[in-house]
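Below is one structure, written out as structure tokens; the observations come after it.
The values are calculated or read from the model by the stated rules, or taken from the named source; none is laboratory data. Please read all numbers here as calculations on a predicted model, not as lab measurements. As a convention, Cβ positions derive from the backbone with ideal geometry for all residues, glycine included, and neighbour counts pool all protein chains shown.
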Amino acid sequence: MKQILFSLFLIIIFCLVPVQGFSHKVTLFAYAEGDTIIGESSFSGGRAAKHAEIIVKDATTGITFLTTVTDEQGQFSFSIPVEARQAQADLRIVLLAGEAHRNEWILKAGEYLPEGTEKQIVAKKNSLTETSISADAAHLSAAEETLIRQLVKESLAKELGPIKQMLRAQASQGPNLRDILGGVGFIFGIAGFIAYYKARKKRSSP
Amino acid sequence: MHISEGILSAPVLVSGAALTAAGTFIGLKKIDYDQIMTVAILTATFFVASLIHIPIGPSSIHLVLNGLLGIILGWACFPAILTALLLQAIFFQYGGILVLGVNTFIMAAPALVCHYLIRPQLKRSKFRGIFSFIGGFGAILLASLFMALALFFSDLGFLRTAQISVAANLPIMLIEGFITMFTVSFLYRVHPDIFEGNST
């Protein structure tokens with residue numbers, strides 16, 4: 001009877017769950033590196049979203065800055081639009097992967113504008129002198145300052161590379177066994193609730 | 001077969017939600033006490049099946065099984081598919097809450113069509129195989145057409161989307177046809193009373 005149905009269902013679960021390669025959700029990940037913005041897109045499970053359309057918009061006004069497409073690896077890059085830099089606009093990067101798949105990624109202005117606004121720099125400098133980490137730091141020449149900034153930036157980029165990679169990998173992870181079994185549990189819970197409700201009705205109206 | 005959030009226009013979303021609500025209401029009314037467990041098992045099967053993706057060629061496909069659900073459950077496929085899609089939307093961000101109505105309708109309406117067209121034919125054991133194959137095949141075909149229709153009403157061009165979505169789902173139509181065929185004939189052998197009661 002019901003056992004047969006149930007065992008059929010169990011077989012389906014346990015045979016197929018370890019199969020990797022989920023999809024139906026497209027993920028998008030973008031970050032700035034110097035003057036370009038680099039992004040990667042994939043369907044959950046890691047398959048690259050090839051030749052998908054990328055639209056870059058101003059997040060607040062909705063004006064389109066540019067459009068591009070992803071390459072064979074699902075990656076894309078574009079140089080930061082001048083208008084966006086001037087307006088210090090947050091970028092809304094929209095991915096259209098055909099067949100009704102869409103996702104977007106917001107890149108805040110602070111993430112791609114090299115040193116923030118002029119005001120922020122002044123504020124930073126002030127705080128530096130105020131706390132006076134070292135008396136010399138305040139008296140660095142402009143050339144030295146740029147050099148240090150450049151060095152710090154380079155080594156940071158090197159250090160953060162793997163972390164960015166990890167984040168990307170995490171973002172594109174598909175559902176795991178725990179999630180799936182959780183969902184199945186929910187379904188049977190709901191069925192139990194309906195059964196209870198119907199059983200009460202049955203009793204009250206003989 | 002899930003449409004993402006933010007693609008469809010508001011009228012499509014609203015009408016999809018309304019149709020799904022009506023279908024779910026009728027479905028819940030029609031479920032009788034003994035059928036609840038069958039509905040739950042098939043809901044769980046549907047929920048799990050659409051999470052398993054098999055890479056074929058350039059893309060990957062997954063089972064939908066809406067034909068099978070329709071043939072066995074009838075109107076109860078609406079609450080079943082709605083529940084499964086709701087959980088998928090919450091847990092995995094497949095589809096989304098706003099498009100839930102449309103997505104449910106896209107898969108449940110063909111299932112219902114299958115129920116009325118295919119189920120009466122299954123009584124004759126001679127044609128059972130071929131009809132259940134048509135059921136599994138046709139349910140996906142109809143679903144891809146419904147999906148194209150939903151996109152069309154949101155001004156995305158019907159013919160092109162229809163071609164793409166039908167072509168993309170062609171392998172899954174064949175696979176579902178066979179799976180539905182084998183499942184139905186298996187169930188008829190071991191558990192025929194599942195097809196007896198509550199035929200509509």
Practice task
Would you point out which residue out of B:LEU117, B:LEU122 is at pLDDT below 90, of a type in the set (A, V, I, L, M, F, W, C) and surrounded by fewer than 23 Cβ atoms within 10 Å (Cβ to Cβ)?
Solution key: B:LEU122
Practice task
For residues that are of a type in the set (Val, Ile, Thr) and not in a helix (DSSP H, G or I), scanning just the stretch B:1-21, find the one that is surrounded by the fewest Cβ atoms within 10 Å (Cβ to Cβ).
Solution key: B:ILE7
Practice task
Could you grab me the full set of residues in the stretch B:49-74 that are surrounded by fewer than 24 Cβ atoms within 10 Å (Cβ to Cβ) and modelled with pLDDT of 90 or more?
Solution key: B:GLY74
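Among B:ALA10, B:ALA22, which is over 23 Å from A:ASP179 (Cβ atoms), out of contact with any helix residue (DSSP H, G or I) (no Cβ under 8 Å at 6 or more places or on another chain) and at pLDDT below 90?
Values: B:ALA22 fails: at pLDDT below 90.
Being over 23 Å from A:ASP179 (Cβ atoms), out of contact with any helix residue (DSSP H, G or I) (no Cβ under 8 Å at 6 or more places or on another chain) and at pLDDT below 90 holds for just one of B:ALA10, B:ALA22, which is B:ALA10.
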Completion exercise
Within the stretch B:144-187, the residues that are without any contact (Cβ under 8 Å) to a residue 60 or more places away in the chain and aliphatic (A, V, I, L, M) are B:LEU145, B:ALA148, B:LEU149, B:LEU159, B:ALA162, B:ILE164, B:VAL166, B:ALA167, B:LEU170, B:MET173, B:LEU174, B:MET181
